[in-house]
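Structure first, commentary second.
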Amino acid sequence: MTSKSDLDFFRSRVMFTIHNVSGKVVAFAGRTLSSDKKVPKYINSPESEIYNKRAVLYGLYFAKDAIRKADECILVEGYTDVITLHQGQVENVVASSGTSLTKGKSD
């Protein structure tokens, strides 16, 4: 059952689905519509057994064929960068999920 706090977590945000390399939805990200600097610009689903933001690149499922074809992958900063470039026919593009490129405890 979904609680009110679950619904409020992403309230007033533009939502992005985060897929794993197989195309399954594993998480969501939300970008605020508020100009309030106290509100985090992006929030992601909490990490879980199926979603580790350090291990998932946004857009990889949709970009993997183009990456193979070009033998090159372009890493950009955000979800909207990926979407905009894909719309412009640049499809070998992915984005990290915030701090996903920082070293973790096991590194």
**Complete:** Exception for residue 17 within (1) buried (at least 16 other Cβ atoms within 10 Å of the Cβ); (2) outside any loop (DSSP other than H, G, I, E, B) falls at (1)
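Within the stretch 30-54, how many residues turn out to be among the hydrophobic types (A, V, I, L, M, F, W, C) and either in contact with a Gly (Cβ under 9 Å, 6 or more places away or on another chain) or touching a residue at least 40 places away in the same chain (Cβ under 8 Å) (or both)?
1
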**Fill in**
Screening 80, 84 for residues that are surrounded by 13 or more Cβ atoms within 10 Å (Cβ to Cβ) and at pLDDT 95 or above leaves only 84
**Prompt:** What is the residue count in the stretch 1-27 for residues that are over 22 Å from residue 65 (Cβ atoms), at pLDDT 80 or above and of a type outside the set (S, T, N, Q)?
**Reply:** 7
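Answer yes or no as to whether residue 37 is assigned to a loop (DSSP other than H, G, I, E, B), among the charged types (D, E, K, R), surrounded by fewer than 16 Cβ atoms within 10 Å (Cβ to Cβ) and modelled with pLDDT under 95.
Details: assigned to a loop (DSSP other than H, G, I, E, B): yes; among the charged types (D, E, K, R): yes; surrounded by fewer than 16 Cβ atoms within 10 Å (Cβ to Cβ): yes; modelled with pLDDT under 95: yes.
Yes.
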**Request:** Working only within the stretch 47-85, note down all residues that are assigned to a helix (DSSP H, G or I), out of contact with any Phe, Trp or Tyr (no Cβ under 8 Å at 6 or more places or on another chain) and not hydrophobic (A, V, I, L, M, F, W, C).
**Result:** 61, 64, 65, 68, 69, 80, 81, 84
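The values are calculated or read from the model by the stated rules, or taken from the named source; none is laboratory data. These numbers were taken from a predicted model, which means no experiment stands behind them. Don't worry about glycine lacking a Cβ; one is built from the backbone with ideal geometry, like all the others, and counts go over all protein chains shown.
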